[in-house]
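Q: I'd like to ask you about the structure that follows.
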Amino acid sequence: MTAWLLLAPSLLFLAAFTYWPVIGVTLRSFTQQRYGQQASWGFDNFRRLAADAHFGHVLTNSVLYAVGTIIPSLALALGFAMALRRPGRLATVLRTVLVMPQLIPLVAAAALFVFVFLPGEGLLDHYLAYFGRHATNWLGSPDLALWAIIAITIWKNTGYYMLFFLAGLAGIPDELIEAARVDGAHGWRRFVDVILPLLGPTFGFVTVIAMVNTLIQIDHIIVMTGGGPSDRTNMILYYIYQQAEQNQDTGLAAAATVLCVGGLLLLSVLSLRALERGIHYES
Amino acid sequence: MRKLASAAAALLMMGSAAQAATEIDFFFPVPVQGKLSTEMTRMVEGFNSSQTDVHVTPVFTGAYDDTNLKTRAAVAAGKPPAAVLMSANFMREYAIDQKAMPLDALIAKDGKTPEAFIEQFFPAVRPNATENGHVYGVPFQNSTPILYYSVDAFKEAGLDPEKPPVTWQEWVDAAKKLTKRDGDSLTRAGLMIVEQYDTLGWLTSGFTMSNGGEYYNRGWGGEVYYNTASTIGAVQFLDDLVHKFKVMPEGVSDANAVASAFFSGRAAMIVNSTGALGFVRDNMKTPFKVAFVPRAIRNAVPIGGASLIIPEGNSPERQAAAWKLITYLTSPAVNGSWSRFTGYFAPRMAAYDLPEMKDYIAKNPDAKVAIDQLAYGQPWFATFNTVGVRKALEDQVQAVLSGKAKPAEAMAQAQKDADALLRPYVEQTALKLPQ
C-alpha cells in the first residue's frame, strides 16, 4: 500500500502524459475522418500512408540517416573511449573537448552550421578554396544535403556516446585484461575477445539511445533545410508534424506515429536480444 | 467559512471595480530579423496609454507558421487570443475552418459596409483579407518580391544601371553579361532567387502570373493550376536560367545564401522580398538599386504579409476591445510609422497622404519603386491546406532546379500531389451535389 502511495505521483504523470497519449494516438490512427466527414473505424489511414510516395521517401531518408549516423558515431565514440580511457591531464582535456558539442543545443548548433555550409562565403568553402575547390551548395543540393546533416549529427553525438563507453570500459576489471596479456593475447585480440564482449551491456544501451536519437533529433533539419531540397532531408518525425499541423491530417499523422514507434520498439528489443546473446554480465 | 467567502467576493468585486479596462491578449509574429518585436510592444503601449477602456498584452509568438499553430491550439483549447497578426495566406483556411470571425458586424457598428471598409486598403491586398464578400482580416503589413541589382556589376558588364531589364528576354541578356565563370563553376551568378520552401512557392506564383497564368482559383480554395502552360513555362524559364543559360547556380539557394552572395559580389542580381530592403540597406557595402521584377506577358507580383484577425470564440466584450486595437493599428498614422520602421509597405492607402510619409518616400527612392510596383500586385496563394499544396509545387520546382526533373513531368506530378491534398475539401464542396 505504501509502495503504491509513493509511486502514485509519478504513475499519475506517466498515465496522463505517456500512457493516455499512447492510447489516444493508437485510437486516432484507426479513426477515419477527413475534412467534413463522419468518423468511422478502419484501416484507411494506414492504406493512405502506404500509398503516399512522400512517406516512402521519408522512410528511406530516415534509414539512411540512422545507418549513416549510428555506425560512424558509435565506432568513433568507442575509438575515442579506448584512446582516452587512461586518466591523465591530456586525456581529461580531450574528453572535455569531445563532449563539448553535447553542451550546445542542437538548434543553436544548426543556426551556426548554416553559416559554416554557406556556399562560397561559408567557413567550409573558405578553407576548401585553398585546395582549389569552387563554391559548393552543401545544403541546397539533393545529393549533398543529407550527408551534411549526417555529418553534423555525428559531430553532435559522438562525445555523448563516448561517455557511456568510458563508463563501460572503467567497469572492466584490469585482472581480466592482464590475464589475457599473460596468456599471450595481442592488443587487437584482447580488444575483440575480451573488451568488446564485456562492453555488451553498454553497446545494447547506447544502440537503443542512438536509434531513438535518429527519430527525435530533427531540430537541425528544421533550421537548416526544412526537409528540402525536394524532401531529400525530410525525416519521419518532421513528416508527422507536416501531416498533423500543416495538412490538418491527424489520422495520417497518427498512423505514421504508431508505425514508427512500433517499429522502433521492435528494433530496440531485437538489438538488445542480439547484443545480449554474447554478453557477459558480472555477478 | 461564510465570512471568508464573502470577504473573498468583496475582494474580487473591488478588483473588478479598480480594473474597469477590458484585458485582452494580442498574438504577433516577427517574420524578419531586427528590432521589430520591441517596436511592436512600443506601439501597443502607445495604444494602451491612448485610452482607458482596453488594456492589451502583446504576446510574441515566433514566426508566421508558429503563430498559426499557437492560435489554432488556443482556439481548440477554448482560450483564443482576442486579436492575432496572421499571415495573409492562412486567411482562407481560417475562414473555411471557421476559426476566425467575419468582421462585418463590427465594421457595421462603425457605420460602414464591408465594401467601403476594405476599399481603404490597396486593391492588391483586398482579396487576401476577404472571403465571399465578408471581411476576415484587416491588412497591416505587406510586401512583394522585387529585383535588387549591384550598380558596380552593371557598370563592369557594360550595362546601364539606370536601365534595369524590363522583360524576361532583357533579363536573360543582362544576366549572361553579368555572369562570370571559372570552368563550369559560377564565380559570379548573373541572377539568384530565394528557393527555400515558402519563398519559392511565392516567387514561382509571381513568375506564373507574369507569364499570363492564374496559379490558383481566387474564388474557391479547391483548385490550383500547376499543370498549365503558364506554370510550366515559368518553371521552364527557371530551368533554363540554371541549365541552358547557366546564369543561376544549380540546386536550392536559401535566403542566407542569396543575401550573402549579393553582399559579397558573388551574385549581380537577386529577387527577394521588399521586406528585406532595410536588411540589404544595412549590409550591402557597394551601391545597389531596386527595380520591378521583369515581366513575361504582364507585370505581376504576389502580395505577401499579414492581416489582423479576431479568432472565433471571443466574447462580444473582447471582440469590441480587439476591434478598437485593430482600428488603432491600421489608422493611417500608426500604419505609416510601422511601415517606415520596418520597410513593409503600409496597406492603408491614406498613410501615404501624410507629410511624414511623403518625406520618407522622397528620401528613399527604393521604397518608391516598391510602392509603384504595388499597382501590379496580385493576391497571395491561398487554398485549403495552403502549406502542403504549396509544398507539392515547391518539391518539384526544387527537383527541376537541381537537374533531377524536367518541367512538364514535374508540374504533372505537382498537380497530382496538390489535387490529392485538396480532394477532401473538393468532395465536401464542389462535388457535394444535391441528393
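The values are calculated or read from the model by the stated rules, or taken from the named source; none is laboratory data. Just so we're clear, the structure is a prediction, and the values are computed from it rather than from any experiment. Backbone-built Cβ (ideal geometry, glycine too); neighbour counts: all protein chains shown.
Q: Here are some conditions: (1) outside any helix (DSSP H, G or I); (2) under 30 Å from A:GLN246 (Cα atoms). A:LEU215 meets all but one. Which one does it not meet?
A: All conditions pass for A:LEU215, except number (1).
Q: Starting from the range A:134-152, take each residue that is among the hydroxyl-bearing types (Ser, Thr, Tyr) and list its partners that are part of a loop (DSSP other than H, G, I, E, B), counting only C-beta distances under 7 angstrom and pairs at least six apart or across chains.
A: A:THR136/A:PRO119; A:SER141/B:GLY251; A:SER141/B:SER402
Q: Which residue out of A:LEU259, A:LEU215, A:LEU275 is crowded, with 17+ Cβ neighbours inside 10 Å, in contact (Cβ under 8 Å) with a residue 60 or more places away in the chain, touching a Gly at 6+ places or on another chain (Cβ under 6 Å) and of a type in the set (A, V, I, L, M, F, W, C)?
A: A:LEU275
Q: Same structure again: For A:HIS134, all conditions in the list (1) within 13 Å of another protein chain (Cβ to nearest Cβ); (2) modelled with pLDDT of 90 or more hold save one; what is the number of the exception?
A: If we test A:HIS134 against (1) within 13 Å of another protein chain (Cβ to nearest Cβ); (2) modelled with pLDDT of 90 or more, just (2) comes out false.
Q: Just one of the numbered conditions (1) touching a residue at least 60 places away in the same chain (Cβ under 8 Å); (2) not in a helix (DSSP H, G or I) is not true of A:ARG86; which one?
A: The one condition A:ARG86 does not meet is (1).
Q: Also, I was wondering about something else. Take the residues in the range A:17-71 that are among the hydroxyl-bearing types (Ser, Thr, Tyr) and in contact with a helix residue (DSSP H, G or I) (Cβ under 8 Å, 6 or more places away or on another chain); name whichever of them is farthest from the other protein chains (Cβ to nearest Cβ).
A: First pass over the range A:17-71, keeping only residues among the hydroxyl-bearing types (Ser, Thr, Tyr): A:18-19, A:26, A:29, A:31, A:35, A:40, A:60, A:62, A:65, A:69.
Checking which are in contact with a helix residue (DSSP H, G or I) (Cβ under 8 Å, 6 or more places away or on another chain) leaves us with A:26, A:29, A:31, A:35, A:62, A:65, A:69.
Working: A:THR26: 21, A:SER29: 17, A:THR31: 15, A:TYR35: 4, A:SER62: 17, A:TYR65: 18, A:THR69: 23 Å.
Among those that are among the hydroxyl-bearing types (Ser, Thr, Tyr) and in contact with a helix residue (DSSP H, G or I) (Cβ under 8 Å, 6 or more places away or on another chain), it is A:THR69.
Q: Scan B:THR187, B:THR199 and give me the residue that is in contact (Cβ under 8 Å) with a residue 60 or more places away in the chain, within 14 Å of chain A (Cβ to nearest Cβ) and touching a Pro at 6+ places or on another chain (Cβ under 9 Å).
A: B:THR199
Q: If you take the residues in the range A:219-233 that are among the hydrophobic types (A, V, I, L, M, F, W, C) and surrounded by 22 or more Cβ atoms within 10 Å (Cβ to Cβ), which one is farthest from the other protein chains (Cβ to nearest Cβ)?
A: Among those residues, the one meeting the criterion is A:ILE221.
Q: Can you tell me which residues in the range A:218-229 are touching a residue at least 60 places away in the same chain (Cβ under 8 Å) and outside any helix (DSSP H, G or I)?
A: Listed by number, the residues that qualify are A:THR225, A:GLY228, A:PRO229.
Q: Only one of these is in contact (Cβ under 8 Å) with a residue 40 or more places away in the chain, surrounded by 20 or more Cβ atoms within 10 Å (Cβ to Cβ) and more than 30 Å from A:SER141 (Cβ to Cβ): A:PHE203, A:PHE191. Name it.
A: A:PHE203
Q: Is it the case, given these coordinates, that B:VAL280 is assigned by TED's automatic domain parsing to the domain that holds B:LEU241 and β-branched (Val, Ile, Thr)?
A: For B:VAL280, the condition - assigned by TED's automatic domain parsing to the domain that holds B:LEU241 and β-branched (Val, Ile, Thr) - is met.
Q: Can you tell me which residues in the range B:173-214 are out of contact with any strand residue (DSSP E or B) (no Cβ under 7 Å at 6 or more places or on another chain), among the β-branched types (Val, Ile, Thr) and at pLDDT below 95?
A: B:THR199
Q: Condition check: assigned to a helix (DSSP H, G or I), modelled with pLDDT under 90 and either in contact with a Ser or Thr (Cβ under 7 Å, 6 or more places away or on another chain) or not hydroxyl-bearing (Ser, Thr, Tyr) (or both). Does A:LEU252 satisfy that?
A: no
Q: I'm trying to understand the selection: among the residues of the range A:3-58, which are assigned to a helix (DSSP H, G or I), in contact (Cβ under 8 Å) with a residue 24 or more places away in the chain and among the polar types (S, T, N, Q)?
A: A:THR26, A:SER29, A:ASN45
Q: Could you check how many residues of the range A:105-130 are loosely packed, with under 13 Cβ neighbours inside 10 Å and away from chain B (no Cβ under 14 Å)?
A: So the count comes out to 4.
Q: Next question. Determine whether B:TRP323 is away from every other protein chain (no Cβ under 14 Å), crowded, with 16+ Cβ neighbours inside 10 Å, closer than 30 Å to A:SER141 by Cα and of a type in the set (Phe, Trp, Tyr).
A: No: the conditions fail for B:TRP323.
Q: Follow-up. Taking the range B:39-73 as the region of interest, how many residues are touching a strand residue (DSSP E or B) at 6+ places or on another chain (Cβ under 8 Å) and without any contact (Cβ under 8 Å) to a residue 12 or more places away in the chain?
A: Within the range B:39-73, residues that are touching a strand residue (DSSP E or B) at 6+ places or on another chain (Cβ under 8 Å) and without any contact (Cβ under 8 Å) to a residue 12 or more places away in the chain number 1.
Q: Only one residue in B:ALA116, B:ALA83, B:ALA76 is free of Cβ contacts under 8 Å to residues at least 24 places away in the same chain and more than 14 Å from every other protein chain (Cβ to nearest Cβ), so which one is that?
A: B:ALA116
Q: State all residues of the range B:378-435 that are of a type in the set (S, T, N, Q) and either surrounded by fewer than 20 Cβ atoms within 10 Å (Cβ to Cβ) or more than 8 Å from every other protein chain (Cβ to nearest Cβ) (or both); if no residue qualifies, say none.
A: Result: B:GLN378, B:THR383, B:THR386, B:GLN413, B:GLN415, B:GLN428, B:THR429, B:GLN435.
Q: Taking the options A:THR69, A:THR92, A:THR96, name whichever one is crowded, with 20+ Cβ neighbours inside 10 Å and either modelled with pLDDT of 90 or more or part of a helix (DSSP H, G or I) (or both).
A: Residue meeting the stated conditions: A:THR69.
Q: Continuing with the same structure: Filter the range B:58-68 down to the residues that are within 12 Å of chain A (Cβ to nearest Cβ), out of contact with any helix residue (DSSP H, G or I) (no Cβ under 6 Å at 6 or more places or on another chain) and assigned to a helix (DSSP H, G or I) and list them by number.
A: Within the range B:58-68, B:ASP65, B:ASP66 meet the criteria.
Q: Please go through (1) more than 26 Å from B:PRO347 (Cα to Cα); (2) touching a Ser or Thr at 6+ places or on another chain (Cβ under 9 Å); (3) outside the structural domain of B:SER205 (by TED's automatic domain parsing) for B:SER315 and return the number of the only condition it doesn't satisfy.
A: The single condition B:SER315 does not satisfy is (2).
Q: Quick check on the range B:227-237. Is at least one of its residues in contact with a Leu (Cβ under 7 Å, 6 or more places away or on another chain) and either buried (at least 23 other Cβ atoms within 10 Å of the Cβ) or under 29 Å from B:ASN128 (Cα atoms) (or both)? Before you say what the answer is, go through the steps one by one.
A: Looking only at the range B:227-237, we keep the residues that are in contact with a Leu (Cβ under 7 Å, 6 or more places away or on another chain), and these are none.
Within the range B:227-237, not a single residue is in contact with a Leu (Cβ under 7 Å, 6 or more places away or on another chain) and either buried (at least 23 other Cβ atoms within 10 Å of the Cβ) or under 29 Å from B:ASN128 (Cα atoms) (or both).
Q: Based on this model, can you work out whether A:LEU11 counts as surrounded by 10 or more Cβ atoms within 10 Å (Cβ to Cβ), at pLDDT 90 or above, under 35 Å from the mean Cα position of the chain (by Cα) and under 30 Å from A:GLU245 (Cβ atoms)?
A: Values: surrounded by 10 or more Cβ atoms within 10 Å (Cβ to Cβ): yes; at pLDDT 90 or above: yes; under 35 Å from the mean Cα position of the chain (by Cα): yes; under 30 Å from A:GLU245 (Cβ atoms): no.
Against the criterion (surrounded by 10 or more Cβ atoms within 10 Å (Cβ to Cβ), at pLDDT 90 or above, under 35 Å from the mean Cα position of the chain (by Cα) and under 30 Å from A:GLU245 (Cβ atoms)), A:LEU11 does not qualify.
Q: Give the residues of the range B:253-303 that are more than 12 Å from chain A (Cβ to nearest Cβ), part of a loop (DSSP other than H, G, I, E, B) and out of contact with any Phe, Trp or Tyr (no Cβ under 8 Å at 6 or more places or on another chain), sorted by residue number.
A: Listed by number, the residues that qualify are B:THR286, B:PRO287, B:VAL293, B:ILE297.
Q: So, one more: Among B:GLN396, B:GLN373, B:GLN319, which is in contact with a strand residue (DSSP E or B) (Cβ under 9 Å, 6 or more places away or on another chain) and under 29 Å from B:GLY221 (Cα atoms)?
A: Sole residue among the options that is in contact with a strand residue (DSSP E or B) (Cβ under 9 Å, 6 or more places away or on another chain) and under 29 Å from B:GLY221 (Cα atoms): B:GLN373.
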